[in-house]
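J.: Mind having a look at this structure? Questions to follow.
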Amino acid sequence: MRPKWQRWPRRVAIALGLLAAPAAIAEQRIYGEVRLEGLAHPTWGAGDPLATPVVCNVNGPDGWLAVRSGPGTQHEIRRKLKRLVIFEVNKDERVGPWVKVWTAYRLTDENGRRIARKSLHVEGWAHTGYLCNWRWR
């Protein structure tokens, strides 16, 4: 194991790499009866702290978004959710790119077909780069 003074350059390089990482691209797409209208967090202004964005931008290798026990990837995963799950979030309770999730539910399947409301009991933190504004078509 290297002495502490030899480890800091690597940590600085990792931190700089994370800062230089590209921002998430806003998904603007139609899935069945749902129209995704880009990332939610840039539109969050003052007022009611409740917001109801949907999971989007999960077309990567995993295809799901992790809700974690705290703000950051170092925290335990509480639940993995697929596209078009609706979150109730407190947009005033944010830590960097992470937002507090109060609960989640579905009104559609992941292809945008309406279904009966299905509660997905979860509380934790989600990355805002995977949450989009939406509306019915």
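The values are calculated or read from the model by the stated rules, or taken from the named source; none is laboratory data. Keep in mind that what you see is a predicted model, and the values were worked out from it rather than measured. Note that we place each Cβ from the backbone using ideal geometry, even for glycine, and neighbour counts take in every protein chain shown.
J.: Taking residue 84 as the residue in question, decide whether it is more than 15 Å from the chain's Cα centre (by Cα), among the hydrophobic types (A, V, I, L, M, F, W, C) and within 19 Å of residue 32 (Cβ to Cβ).
T.: Considered against the rule, which asks whether it is more than 15 Å from the chain's Cα centre (by Cα), among the hydrophobic types (A, V, I, L, M, F, W, C) and within 19 Å of residue 32 (Cβ to Cβ), residue 84 comes out as no.
J.: Here is a further query. Here are some conditions: (1) closer than 19 Å to residue 35 by Cα; (2) surrounded by 13 or more Cβ atoms within 10 Å (Cβ to Cβ); (3) out of contact with any His (no Cβ under 6 Å at 6 or more places or on another chain); (4) in contact (Cβ under 8 Å) with a residue 24 or more places away in the chain. Residue 107 meets all but one. Which one does it not meet?
T.: (4)
J.: Take the residues in the range 54-69 that are in contact with a helix residue (DSSP H, G or I) (Cβ under 8 Å, 6 or more places away or on another chain) and either in a loop (DSSP other than H, G, I, E, B) or surrounded by fewer than 19 Cβ atoms within 10 Å (Cβ to Cβ) (or both); name whichever of them is modelled with the highest pLDDT.
T.: Looking at the filtered set, the residue picked out is 56.
Here's the yes/no breakdown for (1) at pLDDT 95 or above; (2) of a type in the set (Phe, Trp, Tyr); (3) in a loop (DSSP other than H, G, I, E, B); (4) out of contact with any helix residue (DSSP H, G or I) (no Cβ under 8 Å at 6 or more places or on another chain):
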{"site": "14", "(1), (2), (3), (4)": "no, no, no, yes"}
{"site": "42", "(1), (2), (3), (4)": "no, no, no, yes"}
{"site": "47", "(1), (2), (3), (4)": "no, no, yes, yes"}
{"site": "71", "(1), (2), (3), (4)": "yes, no, yes, yes"}
{"site": "101", "(1), (2), (3), (4)": "yes, no, no, yes"}
